[in-house]
Each structure stands twice: as C-alpha cells, then as structure tokens.
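Here, each number is a calculation from the coordinates, and none is a lab measurement. Worth saying up front: this structure is predicted, and the values here are computed from it rather than measured. No Cβ is skipped: glycine too gets one built from the backbone with ideal geometry, and neighbour counts run over all protein chains shown.
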C-alpha cells in the first residue's frame, strides 16, 4: 500500500515539474517576443530631436536588475512583472500626448497589459505569501525608486517632448534588462 502511494507521489512530482518547466519555456518565448514588440513600438512613437542631448539623465537602474545572476526563475518573473507594471504606470500617469502616434501608444499599453496578465497567471499570482515578501524586498524597493525618479524627472521637465524622448529611450533600455531576467527561465 505504501509503495503505491510513493509511486503516485513520485509520478505527481514528475508531472508537475515537467508542466512547470514547459510553462517556463512557453513563458520564455512569449516574454522575449513581447519585449521585442514593445521595443519596436517604443521606437515608433517618435524620433529623437537633435537638441535633447542636454536633457539626458542617468536614472540609476538598480544593479540587481542590470546583473540578475542571483535571481531564481520565480523571482525573475516577479521582477519582470513589477518592471512591466511600473513602465505601464509611467506611461499612463505621465502621458500628456507628447505628439506620439495614439494607435502605437495604445498598442504598447495593450501589449504591456497582456504580458503582465500572462506573468500574473503563470507565475506571480501562484507565489502566494512569498509574493508579499518579495514585494517589499530591497531590489523591488530600489526598482520602485528608479521609476519614481523617472516620473519626477518628467514632472520637473513639465512633460516636454525632450523629456519624453529621454524617458522613451530609458524605457526601451528596460526591455534589454527584462530580456536578461527572462533568460533566467532557462535555468
């Protein structure tokens, strides 16, 4: 009787591990495609005016995001989710029509929203109590401060077209960092 239970338990663990692995592989492909599409949409919003070089700023993205070697799959997915949520928030909160193509802007927001939903359903929403702990971890708090600096910058520059150009470039760089985090899904 015990051997039957052990066998069932072993099979259940094997199948759940395989399903989770397939889930991460699918998420990896979808996330990479989505990041690429978001970068293309950001580039389509507007060209860089020549006189905006003086407005450039280093917003100081946290080093854990630049070099995510220590993140596990679940934590990497949570960080990506938080980044997408904050990118969406920057675009929504600070958007004052800087001359961008409205259709492209809506497509970008839709793509971001879809990817956040996918990450939430696949990984983040299933983390439960760990999710609450990670939400207040040092890297996440530094990440939130980073996005707050971006919003503060936009406000200080009165949402000028040059400020939006700088922020658009910064957000585009974010997708390179998101791709590095996404690579953690393979490990």
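Provide the FRET efficiency to the nearest 0.05 for the residue 101-residue 60 pair, computing r from the beta carbons and using R0 = 22 Å.
For residue 101 and residue 60, the calculated efficiency is 0.15.
Treat each spin label as a single point 7 Å out from the Cα along the C-beta direction, and report the residue 40 to residue 70 distance in nm.
If labels sit at residue 40 and residue 70, their model points lie 3.7 nm apart.
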